[in-house]
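The values are calculated or read from the model by the stated rules, or taken from the named source; none is laboratory data. Small disclaimer: the values here were computed from a predicted structure and weren't measured. Note that each Cβ is placed from the backbone with ideal geometry, even for glycine, and that neighbours are counted across all protein chains shown. What goes into the accessible areas is simple: the full protein's heavy atoms, side chains included, and nothing from ligands, DNA or RNA. Shrake-Rupley method; radii C 1.70, N 1.55, O 1.52, S 1.80 Å.
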Amino acid sequence: MGYKEVYAEWQADPNGFWMRAAEGIDWVQKPSKALFGENAPLYEWFADAQVNTCWNAVDRHVEAGRGEQLAIIHDSPITHSTKGITYRELRDRVASLAGALRAKGVEKGDRVIIYMPMIPEALEAMLACARLGAIHSVVFGGFAAHELAVRINDAKPKAIIAASCGLEPGRVVHYKPLLDRAIEEATHKPDFCVIFQREQEVAKLIEGRDFAWHTFQYGVEPADCVPVEGNHPAYILYTSGTTGAPKGVVRPTAGHMVALHWTMKAIYDIDPGDVFWAASDVGWVVGHSYICYAPLIVGATTIVFEGKPVGMPDAGVFWRVIQNHKVKSFFTAPTALRAIKREDPEGQLIGEYNLRSLQALYLAGERADPDTVQWAQRHLDVPVVDHWWQTETGWAIAANPLGIEELPTKVGSPSVPMPGYDVQVLDEGGHPVPAGTLGAIAVKLPLPPGTLPTLWNAEDRFRKSYLEHFPGYYETGDAGFVDEDGYLYIMARTDDVINVAGHRLSTGAMEEVLASHPDVAECAVIGVSDKLKGQAPLGFLCLNKGATKPAPEIIKECVGLVREQIGPVAAFKLACVVDRLPKTRSGKILRGTMVKIADGEDFKMPATIDDPAILDEIAGALKGLGLPAA
Ligand code: COA
Ligand code: AMP
């Protein structure tokens, strides 16, 4: 069956389609049906089943004779080490950690925050939670203490599992002091913390609250897998929205497993025993779905890579990892390839490695620019699949499903909708627009299994953010169009979310931090085009009359504040001082127009602008920063 037939099969009988996909999962109690639509427009999948994620990701493979196969390969060019963990070892380690968590009172439904770098123990912590039915929430290591505190207050974890440190090129990231500061700032306090001491830095533990990873497990009874309901939250993953408060995306247990299992063959063409590598971070959705859960659920080997695409020691590190571990499908962000292309434009380093195992390259996280896609096609000589998805969906909305059929590639397009997604491009009034016309991209409800049923503790916000604007649809927040062959093109966000090096960031959150500076009266943050990172944040500051310090000093402090409050990952380095911000007569800041000026694009003077002269001042300030770049 080709793509069209599979998609039509889903359209004709969605319940049958997903019940057949559900056969790839080991159930304690099978679901009676796939979709539960009683609370529409809120939907659930496989809600009445009983199942355990850790069993499906780990134990069942040992039972089936895969115990000696590698489940995880850790490759860290930063520490110059490589290590493999078999499925049997993984089961024993996870059961032991889960047993120790249970002995300290962690039970089904309790939340556990995980704040760890790219080491196998991060996956073990996730799986130990899954084993107990505890709900994990992984926080990316590049966030600052304040962001961690915000998540602690929202998730209210019983425990926090962290490592003593993370390793960035040339710098040790001191996780433990960040964790201590976050707990001090948070109003909710965890009962206890578990700290994995890395040899690069041994952290000081707080007696009575902190326990060392190994001693904590000493002498405890290993835990068995606890069955949970199909709609039980497997995890919460916070992502950026329009405001400073992150959204807690909830991932439901059964739909998550069914969908991921289906994608591994259909999209990534991965079978049990194959090696799959997603070069992302466990702190992002790609890390959850395709470093941890999907490869393990299907019985493949996953790679946990601690490093960067360049400077390790050169821009050939990705190719070395693919060669040494015989990677079949590789997934990364376009930014990473742009970084490599910049260092190795002719792809000479690629030629130094044997990449015969590699069958396809997958890109996501941001728009894949044609130059980068073509460079990869030329030098790797494998299909390059751009695919589009979001934290909210947990798996691809649109892709080229190589495991079903390799469709012709159209550079600049993530190809076609996957079964489960009825994608429509709508005008402001919610009416579908003709092919080739730009509009808001929405997905007809219900969304497929594995996608978010709600936001943690924020059902109202879920309805307002995603369901209200276009009744009957899920609003993706992306704008784009569909061509006459049904291929999607994702062009921009419709909200204030920006994408910096494949990292999703909220300009609203940065504005909140800038506004907290005592000399800043008003501010705006926009995302400007950046050759390497896709977008970079840029701040405009209006200062209070009688500001106490010179403008350059205030700018420097503001840059420091964003790093301190949100974290280095925000990569906020550019800001300028202006007298006023361009606004509509009703007071809305014209961010879109400022982006166009900064990017050197043509723009139409907004009819509602309050005072057009301000745009000249904005253009002058941008020139001072060297924008638009020639
Ligand atoms: N813990 C602590 N700090 C982190 C971090 C982590 N896990 N990850 C990133 N940071 C820090 C970096 O050290 C850097 O700090 P600096 O300002 O002191 O240099 C800052 O956050 C920005 O990091 P990054 O976005 O990684 O930029 P970079 O300039 O270090 O590297 C690239 C540029 C292109 C090589 C890098 O962005 C990259 O590999 N991108 C791919 C991203 C990706 O895979 N995303 C997943 C989405 S699917
Ligand atoms: P995140 O939730 O961090 O995965 O970010 C999701 C957002 O990243 C999407 O809403 C898009 O704006 C953008 N994005 C992800 N993948 C793609 C892609 N293949 N093409 C264009 N934009 C993408």
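Quick notes
- Selected residue (criterion: most open to solvent (accessible area, probe 1.4 Å)) from residues of segment 3-27 that are aliphatic (A, V, I, L, M) and more than 16 Å from GLY255 (Cβ to Cβ): ALA12
- Of the residues making up segment 267-292, those that are open to solvent by less than 10 Å² (accessible area, probe 1.4 Å), out of contact with any Cys (no Cβ under 9 Å at 6 or more places or on another chain) and within 16 Å of ligand 1 (Cβ to nearest atom) are ILE267, TYR268, PHE276, TRP277, ALA278, GLY283, GLY287, HIS288, SER289, TYR290, ILE291, CYS292.
Matching residues to (1) among the polar types (S, T, N, Q); (2) under 24 Å from VAL58 (Cβ atoms):
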| position | (1), (2) |
| --- | --- |
| ARG102 | no, yes |
| VAL112 | no, yes |
| GLU124 | no, yes |
| HIS136 | no, yes |
| VAL139 | no, yes |
| LEU148 | no, no |
| LYS156 | no, no |
| SER164 | yes, no |
| GLU168 | no, no |
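- PHE572 fulfils the conditions (1) of a type in the set (Phe, Trp, Tyr); (2) over 24 Å from ALA479 (Cα atoms); (3) away from ligand 1 (no atom under 16 Å from the Cβ) except for a single criterion, (3).
- Scanning segment 45-59 for residues that are assigned to a loop (DSSP other than H, G, I, E, B) and buried (at least 16 other Cβ atoms within 10 Å of the Cβ) gives PHE46, ALA47, ALA49, ASN52.
- The numbered conditions (1) of a type in the set (A, V, I, L, M, F, W, C); (2) surrounded by fewer than 23 Cβ atoms within 10 Å (Cβ to Cβ); (3) under 30 Å from ALA144 (Cα atoms) are all true for PHE305 except (2).
- For LEU42, the conditions (1) part of a helix (DSSP H, G or I); (2) surrounded by fewer than 20 Cβ atoms within 10 Å (Cβ to Cβ); (3) in contact (Cβ under 8 Å) with a residue 60 or more places away in the chain are fulfilled apart from (1).
- Number of residues in segment 361-391 that are away from ligand 1 (no atom under 16 Å from the Cβ) and either hydrophobic (A, V, I, L, M, F, W, C) or open to solvent by less than 30 Å² (accessible area, probe 1.4 Å) (or both) equals 2.
- Selection status of THR302, within 18 Å of LEU70 (Cβ to Cβ) and more than 14 Å from ligand 1 (Cβ to nearest atom): yes
- Residue match in segment 249-266 (condition: in a strand (DSSP E or B) and surrounded by fewer than 20 Cβ atoms within 10 Å (Cβ to Cβ)): no
- Residues within segment 529-553 that are away from ligand 1 (no atom under 16 Å from the Cβ) and either surrounded by fewer than 23 Cβ atoms within 10 Å (Cβ to Cβ) or part of a loop (DSSP other than H, G, I, E, B) (or both), tallied: 12
- Residue match in segment 311-328 (condition: within 14 Å of ligand 1 (Cβ to nearest atom), at positive phi and modelled with pLDDT of 95 or more): yes
- Applying the criterion of being among the polar types (S, T, N, Q) and either at pLDDT below 95 or part of a loop (DSSP other than H, G, I, E, B) (or both) to the residues of segment 554-592, the residue that is farthest from ARG504 (Cα to Cα) is SER586.
- Within segment 268-293, if we keep just the residues that are more than 15 Å from ligand 2 (Cβ to nearest atom) and within 17 Å of the chain's Cα centre (by Cα), the residue that is farthest from THR451 (Cα to Cα) turns out to be TRP277.
- Pairs with Cβ under 7 Å, 6+ apart, first in segment 359-374 and closer than 23 Å to GLY394 by Cα and assigned to a strand (DSSP E or B), second among the charged types (D, E, K, R) and within 10 Å of ligand 2 (Cβ to nearest atom): LEU363/ASP386
- Looking at LEU296, LEU355, just one residue is among the hydrophobic types (A, V, I, L, M, F, W, C), modelled with pLDDT of 95 or more and either near ligand 1 (Cβ under 10 Å from one of its atoms) or open to solvent by less than 30 Å² (accessible area, probe 1.4 Å) (or both), and that residue is LEU296.
- Among the residues of segment 291-310, those identified as closer than 25 Å to LEU532 by Cβ and either without any contact (Cβ under 8 Å) to a residue 40 or more places away in the chain or in contact with a helix residue (DSSP H, G or I) (Cβ under 8 Å, 6 or more places away or on another chain) (or both) are ILE291, ILE303, VAL304, PHE305, GLY307, LYS308, PRO309, VAL310.
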